[in-house]
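Structure record follows, encoded as structure tokens.
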Amino acid sequence: MKNTKFKIFIGAISILFMLSSCEKWIDTDLNVDPNNPAKVNYNLVLPTIEAGLGYQYGGDLSRPVAIWMQQFAGVGNQPIAFDVYNFTQSDVNNVWVWGMYAGPMMDLKRMIVSAKQDSSYHYLGVAQVLMAFSVATMTDLFGDIPFSDAWIENNLTPKYDSQQAIYDSLFKMIDDAIVNLNKPKSLYSPGDDDIIYKGDLDKWTKAAYTLKARLALHLAKVKSDAYQIALDAIANGFTGNDEDMQVLFGTNQNEWNPAYQYFMNDRPYDIVMGAFFVDTLRNDPRFNIYVDTTGASEDEAYGHGAHPGQADGFAYPGATFISQNSPVTLMSFAEAKFIEAEAALSSDPARAANAYNDGVSAAFAKYGLSAPAALTSETAASITLAKIIMQKYIALFMNPETFTDYRRTGYPNLTPPSNALTIDKKLPRRWPYPTSERLYNSKNFEPYKNITISDRVWWDKE
Amino acid sequence: MKKLTLLMAFLHAFAFTMLSQEVQVKGRVTSAEDGSALPGASVVVKGTNTATVTDPEGNYSIRVPAGATTLVVSFIGMKTQEVEIAGQTTINIAMQPEVIGMEEVVVTALGISKERKTIGYAVQDVKSEDLTRVPNLNMINSLNGRVAGLQVTSASGVAGSSSYITIRGANSITGNNQPLFVVDGIPIDNSMNASGNPDNGSNNLLEGVAYSNRAIDLNPEDIESVTVLKGGAASALYGIRAANGVIIITTKKGKASKEGFGTIDVSSSVAFDQVNKLPELQNKFVQGQGGKYLGPETRNRYSWGPKADTMYWDGSTNNKYDKHGFLVGASDPNAKIKFTPYDNLNNFFQTGITYNNSVSFSGGNENSSFYANLTNLSTTGIVPKNTFDKTSIKISGETKVSQKITIEGSANYIKSGGNRIQQGSNLSGVMLGLLRTPISFDNSNGYSDPANTPEAYMFPDGTPRSYRGQLPDGSAIYDNPYWTVNKNKFKDDVDRLIGYVGFKYNIVQGVNISYKLGTDYTSDKRFGYFAKYSGANGAGQIQKDNHNTHIINSDLILTITSKISDDINYNLLVGNNLYQEKYEQSYIEGNGIAQVDFYHLSNVSSYVIRQNIQKFRTAALYANADFSYKSFLNLTLTGREEWSTTLPKGNNAFFFPSASMSIVFTELEGLKNNPTLSFAKLRASIAKTANDAPVYYTSSTYAQANYGDGWTAGISFPYLGLTGYSWGNTAGNPNLKPEFTQSIEGGIDVRLIKNRVGFSFTYFRNKSTDLILTVPVAASSGYVEVAMNAASMENKGVEITADVDIIKSQDLRWNLGVNYSKINNKVLSLAEGVENVFLGGFEGAQVRAVKGYSYGSLFGTVFVKDAKGNIVIDSRPTVNGEPNENYGYPMMSDKEEAFGSTLPDWTAGINTTLSFRGFSLYALLDIRQGGVMWNGTRGALVSFGMAKETEDRGTQTIFKGKLAKLEGGEFVYDGNGNIITEGDNNIQVVKGESWYNGLGGGFAGPSEQFTEKINWIRLREVSVSYSIPQSLLKGSFVKGITLTASGKNLWLKTSYKGIDPETNLMGAYNAQGIDYFNMPNTRSYVFGVKFSF
């Protein structure tokens, strides 16, 4: 008996000792992540947003569109499929998920909410311009998308907004941004952390107006005063090439321009120059800026055209566009002038002609060239929509805006490949929704599940 | 065995009476087989803790208290005997060899030795000879085919590559699914850490080199036995890290020898490795497109050029890509030398050689034992320049400092690592460049030893020579494999220390306290580079990547042994475990190599630096109670209360119990010593086990910013001199709670005809609930994934093992063993609205966990099908008035389908041992049925025109499928959106380049074409060994010599159209079943010799 009691005593003491050691050992602070901060200042997030947006705009958002617009041709691996419009939900996953919604757009939304709270109006205004730019880019490609219900904590299945409602909100957001950018006081203001304008709020204001004009123009077929809104806005828009809204890249490997990475490093010769674009430029002084013919034989047509399997020599984009530190242009002065030209065409053809001539000059000047007189001598009588869009198409090389212009105007006049895989064998009219929305937001996605890339978005009226 | 004796000694603790009179008993313990002395045998007075050990001559002497009736004598490998004292003072004991089967003792959770016959759950062990007979670089591979319910997949046959192991299937969705490895009571690290910029996450496993899982560091020579704890009841005592079962490794301990000095074993082996299977390539068409030859200078990637037998070299001397001149057609006036195809593939691989040398010392006396081993292994792989080396030094010992206190300790230092080779989806990957090389390009440039001849892969100006020419900056597009093995190096250098110190204190009779403090510290220093002009990195890149893992484990255990009555014994154990794991990675990437061929971090133009620290702790109180009634009815109850720092306060403590019981019918009086039914046991168990969360899942944070786009490496911060953060893509969850798995298991074990035939059957079902994972969410929420207790999953299955001693005589023994297992896994639920979770893979072929499907199902793109699943053939001759180029061809669907599980339907192993005197023959046949693999290699090679099947290019074919029904020239759809078909396809079309490079290929076409079922039968091991008879060695100082010749993978039968399908690109990772330019596997021939002194 004595022995048993002793055993129980030893057992009890041991358990108590063990229990106390457990409690001391479990330090719950160990689960505070030492690798990642819970809070950072605006100046550490703005560069991320701008660089991230620029990377997508010059990368995943541009390449498939530039193939469809026949500025490029897909000749190897997956881009062969893009060339014949075999472009599926998984092809847009990266850009939607990491590239935009959970990337710069989430950071923009958090900045907008926070800057409103602490009266950092200047960061607020910049964030609103960039948010409007991002949302517009997405809705123009995808149609209806989650917006008003997106980026809200604990809401994992945001509702979709109609493109019309989104456009209404974007105009308001841009107007609001202009007000905020011009507030005299702001708790924090951007400076060198702003990769695009180094904190120059005047340039941001001009960018806001130019963006407003760009968006208004998109609605030409669905909004009666669209041209007027565009003309009113563009009056306060960009006034020179030095105001172009562009994201800078660097020569360090982690700072390389997305096109450089794609064409020169990671995916060489999967994409080459498209025959249509090369032919368009053949007698243009900008030919050697846009097209690098090294390695392409003279007697063969440059570019592939949209017919895979032709084993011609190839032409490559020029170094201006695919160097390590080539900037990615989001919006330019030249674009502003072409917007003005198009908006004024029906009401004031003389203004349209002047704006066009200025646009062409700006586009040439951007590469240190003077435009030939033949390209800058349009008059009220000679100016046409086809000319405006064609020059805009050249000036906005690799910019997804060309696809929007094509859908609105039908210019340039592109011939789809005979083996196109769209159901109507014509050029696509939008992007497919990504796998992630289909799978993880299925209830809200229900109305969109049968949409194909041949279906038109709201502003894209026949 | 010693532990068992001690345990038995305690059984009669209560019956112990006070000392009155003592009697001295002495005698000699010998082997009944040959009469030799057995030194170190344990002699215990039953019911007391009076014990002694025999001296080198086998003699013992023990004081027997009055009233004691029995001596218990035990020795490893011999059957424990109980001898009545009955007044004798000299008792000589002849020990019988242990009968293989149920009498033996197995090591179970926490190192508790149990008699196999009493255990209430399935337990299987692997002996040391199985681990060393055919030496495997990675000891995990030695478990392959031997244990039912255990699945092992080696990543490839390259030296140092990893192996993935699961027991009874996967229990976690995105977390670890591999078992816990416990060496002598210390949990050790078996992780596989990838290199490359950590921003790329698991994509680093699709490219880069093959990494090792850290169990590769274990030295098979040190291992005495491996016990596999499969079910919840078996592993419950280990707590959260044992949620996927446990591999318990018991290392060799020192043994007293006859001469009292010790035994020295020296073993040495050499192995020759060869590639065992390669994809079939075409050798009829040269580089180019559209039937036109396009040489390296055009950078053309394809082999859609003209027929090889129409080609000639022009004999000119100015083609830097080929010494025979330029290739021209037969009609060309310069045609001079008839072209003959180059065989790049078969010329590339070499015979790998592995040398394995080991010396061990084992010795001891009655108070102490000591073991030491030094092993060195050195491998050169089948790929030139691939090496792996491992040196292991281990010492362990145990000594009694007093009658009551024993201290023990062990230290094992391992140095391992090698030169690893770029592989997979990586423009510098060996197989990618090698398999894509057209037959008209000679990677070796005519040199007989191209791997050691720079002129083979490099031009005089230092730029690379490869079949796709160069980019304008001089860099390669795809690397010549000889360039990559010479110029893109990657080395790892691991220093690891696994060790423990411990003591055992016998407080009072029947009460013991033991304590063990163990550590596993691994420093893995890696250094690699891509030379300037390399395919994957034309500017050049240097990587310095250090991984440090440090585990500390403390176990304090109190055991109480006693009995309730003469028939009912019990054994109580209470323990405390404290555990800490710290992992730190420091990654420095230098980009843009300035001075070529100088690889130092100073010699670059920019840096990317990443730091990742993870630290967590757990604490636990646990208890185990064993009750036994006459060995007939046995019951074990366990419970564990665990705390973890990775769960939020309030949810971070949790309890999980288990119960197991067995009924041993042959212990019943009427059935004892039955000549036919030697043994029969029914067993059943139920358990609940738990798991905690990965670190830092409870809150959301910012993260160092980086952006990629799926095709390019992307950008990262610091950027243009600016620091940048982005809100994390994963939402943390402050309400996480632990995961639980409920498991039940039942089975029978039967042995017949004097133990000669054995059969064992087990059924199990594990159901895991509240599984923690980061659930993918719609990115429009702002997050990519959210940490949640989301999923539930079930594994159920059967395991059958059988063995029979077909012949069992003094000289000749022939034994046959079979194991079979079938596991059905089903993902029962994922988070609400989530149908599937991505585990790994590529855009078109992804391994996922999908609700309602088996874990690890392969998903991918498909052809358009009708409602019945027939492929729909485009029957529209024209579309919009234009001729339809797709007329007569299948069409690509925008849907995705599940192709099946990457896990096998069932697996089986058949082994046989035939021994005659000193000869022994062993063979292991391994059978796998079912499961799918994505043969992305074949898909790419079809697109490139290099796959054998593209040799039929240009032939007419009628695709199998149904014709789409047309109305007014348009498709007709049914209510579900499926195209309606009518009749079999009868349209004859050309199967040519545009088909193969389009929908018939791996890049533009559906991945279902390249998803293949995996079945195999392989002769995994065969070995012949011969031990030189003792009689020949008598009088010499050599105690034994054994010669072995063995082979691995000597024969393989499979329908898989690529390399050996036992492969996985991502290595020891949850996403299995991916083959994208994987390295091949090997067949080996091994010759070994072992001396004992």
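With the Cα gyration tensor of chain B in hand, convert its eigenvalues to equivalent ellipsoid semi-axes via √(5λ) and list them largest first in whole Å.
Computed over chain B, the values are 58, 33, 29 Å.
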> Amide H of A:Ser326: which non-local residues (sequence gap of 5 or more, or other chain) have their own amide H closer than 5 Å, using H built in the peptide plane?
Replying inline: A:Asn257
> Using the Karplus equation 6.51 cos²θ - 1.76 cosθ + 1.60 (θ = phi - 60°), what ³J(HN,Hα) coupling, rounded to whole Hz, does each residue of segment B:53-63 give in order, writing x for Gly and Pro?
Replying inline: 10, 6, 7, x, 8, x, 7, 9, 8, 9, 8
>> Do any residues of segment B:704-749 show a loss of at least 50 square angstrom of accessible area between the isolated chain and the full protein assembly, using a 1.4 Å probe, and if so which?
In response: B:Tyr707, B:Asp709, B:Trp711, B:Thr712, B:Ile715, B:Tyr719, B:Leu720, B:Leu722, B:Tyr725, B:Trp727
>> List, by residue number, every residue in segment A:233-282 with a reduction of 50 Å² or greater in accessible area between the chain on its own and the complete protein assembly, 1.4 Å probe.
In response: A:Gln253, A:Asn254, A:Glu255, A:Met264, A:Asn265, A:Asp266, A:Pro268, A:Tyr269
> Among the lysines, which have Cα under 17 Å from the Cα of B:Lys681 when same-chain residues fewer than 8 positions away are ignored?
Replying inline: B:Lys114, B:Lys117, B:Lys630, B:Lys672, B:Lys754
>> Mean Kyte-Doolittle hydropathy of 0.0 or higher plus an axial Cα length of 18 Å or more: which whole DSSP H helices in chain A meet both?
In response: A:2-25, A:121-142, A:163-181, A:349-365
> Counting only other chains, what is the mean number of Cβ atoms within 10 angstrom of the Cβ of each residue in peptide A:37-48?
Replying inline: 6
>> Going 7 Å from the Cα of B:Phe916 along its beta-carbon direction, which residues of segment B:794-810 have the amide nitrogen within less than 19 Å of the resulting point?
In response: B:805-810
> Amide H neighbours of B:Val775 under 5 Å, counting only residues 5+ apart in sequence or on other chains, H built in-plane at 1.01 Å?
Replying inline: B:Val786, B:Ala787, B:Met788
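Once you sort the root eigenvalues of the Cα gyration tensor of segment A:395-462 as a ≥ b ≥ c, which label holds: rounded (a/c under 1.5), prolate (a/b larger than b/c) or oblate (the other case)? Don't skip to the answer; put the middle values down first.
Values: a/c = 2.13, a/b = 1.70, b/c = 1.26.
Because a/c hits 1.5 or more and a/b exceeds b/c, segment A:395-462 counts as prolate.
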> Per residue of A:96-108, what is the mean number of Cβ atoms on other protein chains within 10 angstrom of that residue's Cβ?
Replying inline: 6
> Which value, in Å² rounded to 10, gives the accessible area of B:Lys230 with a 1.4 Å probe and all protein chains present?
Replying inline: 10
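Given +1 on the Cβ of Lys and Arg, -1 on the Cβ of Asp and Glu, and no further charges, what dipole in debye does the protein assembly as shown carry about its Cα centre, rounded to the nearest 20?
Details: 138 positive and 151 negative charges, 946 e Å.
Using Cβ point charges on Lys, Arg, Asp and Glu, the protein assembly as shown gives about 4540 debye.
With N denoting the number of residues in the protein assembly as shown, provide Rg(C-alpha) divided by 2.2 N^0.38 Å, to two decimal places.
Numbers: Rg = 36.8 Å, N = 1555, 2.2 N^0.38 = 35.9 Å.
The protein assembly as shown yields a ratio of 1.02.
FRET efficiency for B:Lys255 and B:Tyr629, Cβ-Cβ distance as r, R0 = 51 Å, nearest 0.05?
Details: r = 35 Å, r/R0 = 0.68.
With a Förster radius of 51 Å, E is 0.90.
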> So what is the diffusion coefficient of segment B:389-489 in µm² per second by Stokes-Einstein at 25 °C and 0.890 mPa s, using a Kirkwood Rh over Cα pairs?
Replying inline: 145
> Net charge near B:Asn488, counting Lys/Arg +1 and Asp/Glu -1 over other residues with Cβ under 12 Å of its Cβ?
Replying inline: +4
> Relative to the first principal axis of the alpha-carbon coordinates of chain B, what is the inclination of helix B:2-11, with its axis defined by its Cα atoms, in degrees from 0 to 90 and to the nearest 10?
Replying inline: 50
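Going highest first, how would you order B:137-150, B:534-547 by mean Cβ packing within 10 Å?
Details: B:137-150: 25.1, B:534-547: 23.1.
Result, highest mean first: B:137-150, B:534-547.
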>> Nothing charged except the Cβ atoms of Lys and Arg (+1) and of Asp and Glu (-1): what's the magnitude of the dipole of segment B:884-954 about its Cα centre? Round to the nearest 20 debye.
In response: 500
> Where the centroid of each part is defined by its Cα atoms, how far is segment B:796-814 from segment A:394-410 in Å?
Replying inline: 75
> With θ set to phi - 60° and the Karplus curve 6.51 cos²θ - 1.76 cosθ + 1.60, what are the ³J(HN,Hα) couplings of segment B:104-113 in order, to the nearest whole Hz, using x for Gly and Pro?
Replying inline: 6, 10, 10, 7, 10, 3, 6, x, 6, 7
>> At 1.4 Å probe radius, can you tell me the per residue accessible area of segment A:1-127 in Å²?
In response: 34
> Tell me, what is the FRET efficiency for B:Tyr505 and A:Lys183 to the nearest 0.05, using R0 = 56 angstrom and their Cβ-Cβ distance as r?
Replying inline: 0.15
> Taking the Cβ-Cβ separation of B:Ser602 and B:Asp495 as r and a Förster radius of 25 Å, what is the calculated FRET efficiency to the nearest 0.05?
Replying inline: 0.50
> Looking only at other chains, what is the average number of their beta-carbon atoms within 10 angstrom of each beta-carbon in A:52-60?
Replying inline: 4
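Which order do peptides B:729-741, B:496-508 fall in by mean Cβ count within 10 Å, highest first? Mind showing how you got there, number by number?
Values: B:729-741: 20.0, B:496-508: 17.9.
Result, highest mean Cβ count within 10 Å first: B:729-741, B:496-508.
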> Could you give the accessible area per residue of chain B, probe 1.4 Å, as a whole number in Å²?
Replying inline: 36
>> Using a 7 Å offset from the Cα along the Cα-to-Cβ direction at both B:Lys292 and B:Leu677, what is the distance between the two label points in nm, to one decimal?
In response: 8.4
> Once fully extended, how much extra length lies between B:Ile337 and B:Ile748, figured as 0.36 nm per residue of separation less the alpha-carbon to alpha-carbon distance?
Replying inline: 140.6 nm
> So, with a 1.4 angstrom probe, what is the percent of accessible area on segment B:164-270 that is carbon and sulfur?
Replying inline: 52
> Taking 0.36 nm per intervening residue step and subtracting the Cα-Cα distance, what contour gain separates B:Asp811 from B:Lys26 on full extension?
Replying inline: 279.2 nm
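If the viscosity is 1.002 mPa s and the temperature 20 °C, what translational diffusion coefficient in µm²/s does Stokes-Einstein give for segment B:297-352 when Rh comes from Kirkwood over Cα pairs? List each step's numbers first, then the result.
On the way: Rh = 12.8 Å.
Taking Rh from Cα pairs, D becomes 167 µm²/s.
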> How about segment B:265-300: which of its residues lose at least 30 Å² of accessible area in the presence of all protein chains relative to their chain isolated, using a 1.4 Å probe?
Replying inline: B:Gln289, B:Lys292, B:Arg299
> Heavy-atom accessible area of B:Ser994 with all protein chains present, probe 1.4 Å, nearest 10 Å²?
Replying inline: 100
> Roughly how many whole Å is it from the C-alpha centroid of segment B:229-301 to that of segment B:728-754?
Replying inline: 27
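In Å², rounded to the nearest 100, what is the total accessible surface buried by chains B and A against each other with a 1.4 Å probe?
Numbers: alone 44620 and 21160 Å², together 56200 Å².
When B and A are taken together, about 9600 Å² of accessible area is lost.
Would you work out what percent of the accessible area of segment B:930-1058, with all protein chains in place, is carbon or sulfur (probe 1.4 Å)?
Details: 3050 of 5630 Å².
With neighbouring chains kept in place, the figure for segment B:930-1058 is 54 percent.
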> Just going by the charge dipole of the protein assembly as shown, with Lys and Arg at +1 and Asp and Glu at -1 on Cβ, which of A:Phe9, B:Pro450, B:Leu71 is farthest out on the positive end?
Replying inline: B:Leu71
> With point charges of +1 on the Cβ of Lys and Arg and -1 on the Cβ of Asp and Glu, referenced to the Cα centre of segment B:659-764, which listed residue (B:Asn706, B:Pro675, B:Ala693) lies farthest in the positive direction of the dipole?
Replying inline: B:Pro675
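How big is the dipole moment of chain B about its Cα centre under a simple scheme where the beta carbon of each Lys and Arg is +1, that of each Asp and Glu is -1, and everything else is neutral? Debye, nearest 20, please. The partial results should precede the final answer.
Details: 99 positive and 99 negative charges, 371 e Å.
Dipole about the Cα centre, nearest 20: 1780 debye.
Take the residue pairs B:Lys688/B:Lys826; B:Lys487/B:Lys615; B:Lys865/B:Lys991; B:Lys400/B:Lys615; B:Lys960/B:Lys1053 and return only those whose Cα atoms are more than 26 Å apart. Present the calculation step by step, with values, prior to reporting the outcome.
Working: B:Lys688/B:Lys826 19 Å; B:Lys487/B:Lys615 37 Å; B:Lys865/B:Lys991 20 Å; B:Lys400/B:Lys615 37 Å; B:Lys960/B:Lys1053 28 Å.
Beyond 26 Å: B:Lys487/B:Lys615; B:Lys400/B:Lys615; B:Lys960/B:Lys1053.
Hey, any idea what % of segment A:12-118's accessible area is carbon plus sulfur with a 1.4 Å probe? The partial results should precede the final answer.
On the way: 1830 of 3230 Å².
The computed percentage sits at 57.
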> Could you list log10 I(q)/I(0) for segment B:945-1093 at q = 0.13, 0.19, 0.20, 0.22 Å⁻¹, which the Debye formula gives when each Cα is one point scatterer?
Replying inline: -0.89, -1.20, -1.24, -1.34
> If each of B:Asp461 and B:Leu1033 carries a label point 7 Å out from its Cα toward its Cβ, how far apart are those two points in nm?
Replying inline: 6.6
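If you stretched the chain out fully between A:Ser169 and A:Asp27, how much longer would it get, using 0.36 nm times the residue separation minus the C-alpha to C-alpha distance?
Numbers: separation 142, 0.36 × 142 = 51.12 nm, distance 4.81 nm.
Here the answer is 46.3 nm.
The values are calculated or read from the model by the stated rules, or taken from the named source; none is laboratory data. Keep in mind the model is a prediction, meaning the values are calculated, not measured. Positions of Cβ are generated from backbone atoms using ideal geometry, with glycine treated the same way; all protein chains shown enter the neighbour counts. Accessible surface areas use protein heavy atoms only, side chains included; no ligands, DNA or RNA. Shrake-Rupley method; radii C 1.70, N 1.55, O 1.52, S 1.80 Å.
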